[in-house]
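Below you'll find the structure, written out as structure tokens, and then a few comments.
The values are calculated or read from the model by the stated rules, or taken from the named source; none is laboratory data. Everything quoted here is computed from the prediction, not taken from an experiment. Here the Cβ positions follow ideal geometry from the backbone for every residue, glycine too, while neighbour counts run over all protein chains shown.
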Amino acid sequence: MYQAFREFLERELFERFDLRTRPIPPGLEFNASDRGKTSATIRSWSYECPQLRKIRYTYIDAGEMAQVFNSVIYPSHHYDLPLLGIDFLTFGKKKILVVMDFQPLFRDEAYQEKYIEPMKSLRDRYDDLAQNLEMKFYDANQYFSKYLLFAKTDAETVQSRLFPAYQEYIRLYLQILEQTEPLADPEAIQRVAKAQKDYDQYSADRDPASGLFSSYFGHEWAERFLYEFLFEDAVPLAVASGK
Ligand code: BLA
């Protein structure tokens, strides 16, 4: 269902950047569970280049049960750009939830103006995909912008509306990256590194997918996937609290 989305992202990135494969820890690149009705595969890709220190995307294919496309792009610490976050989820025939955003690292006015306002006209044109839904797992004021796309929708809208919106968001993001001067001040660079790390910790601690990963692939694999791949700069909660 989201394969064309994955292919589009891949093409855009390969055309613009000199990508190298970024290693995925052994055993986490692919997994398959076969429990009769709940058979599922999960596959991930990861790349890097001088401007983008971590590009990762994951596809879960559990047939009619679930289709998921999830991605985060982390710029190099020399860019204070938001992260590009994508989470498109289809469960069964009815439940489709899509989220896409430039995920801000900082919340000051100047930052908003520079990196978030450029999304406004796009978001206004895709108003139907920005539904102001309540967040249960995350805090909408942390690492989400006011112009995020966040919708409960249907398969037809995914093709007719989400696909063009997605393409425009990605192109805008890459255009902003191209126009942004890298930071030179070591303190500013350090501040970005810290903010990206905090994002990983925040996201790993709240990830609503860990139950989904556990149910298909077991708890141990799910924990490794979360802390060694998806949000590798996060420390598992039990370790952080010394338990
Ligand atoms: C919600 N994301 C969810 C849910 C799941 C996932 C299962 C809950 C859906 C529900 O309400 O039943 C799934 N999250 C995943 C998967 C991965 C993951 C499969 O990290 C990894 C492979 N989530 C992101 C990113 C964004 C994001 C990058 O990983 C940013 C665009 C957003 N996901 C996001 C939001 C919700 C969500 C905003 C709703 C959560 C809420 O209600 O608080």
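Just give me the residues in the stretch 85-127 being within 11 Å of the ligand (Cβ to nearest atom) and polar (S, T, N, Q), in sequence order.
Thr90, Gln103
Please return the ranges of strands (runs of 3 or more DSSP E) entirely within the stretch 1-84 where 1 or more residues are among the β-branched types (Val, Ile, Thr), under 20 Å from Tyr166 (Cα atoms) and within 12 Å of the ligand (Cβ to nearest atom).
Values: elements: 30-33, 40-48, 52-62, 66-75.
Per the criteria, 52-62, 66-75.
Within the stretch 114-142, can you find the residues that are at pLDDT 95 or above and closer than 13 Å to Pro104 by Cβ?
Lys114, Tyr115, Ile116, Glu117, Pro118, Met119
Could you run through the stretch 92-113 and say how many residues are under 21 Å from Leu162 (Cα atoms) and at pLDDT 95 or above?
9
Mind listing just one residue for me: the one in the stretch 168-217 that is within 19 Å of Val68 (Cβ to Cβ) and free of Cβ contacts under 8 Å to residues at least 12 places away in the same chain and, of those, surrounded by the fewest Cβ atoms within 10 Å (Cβ to Cβ)? Walk me through it before giving the result.
Let us first name the residues in the stretch 168-217 that are within 19 Å of Val68 (Cβ to Cβ), namely 169-170, 203-204, 206-217.
From the residues that got through so far, the ones that are free of Cβ contacts under 8 Å to residues at least 12 places away in the same chain too are 211, 214.
Working: Gly211: 11, Ser214: 16.
By that ranking, first place goes to Gly211.
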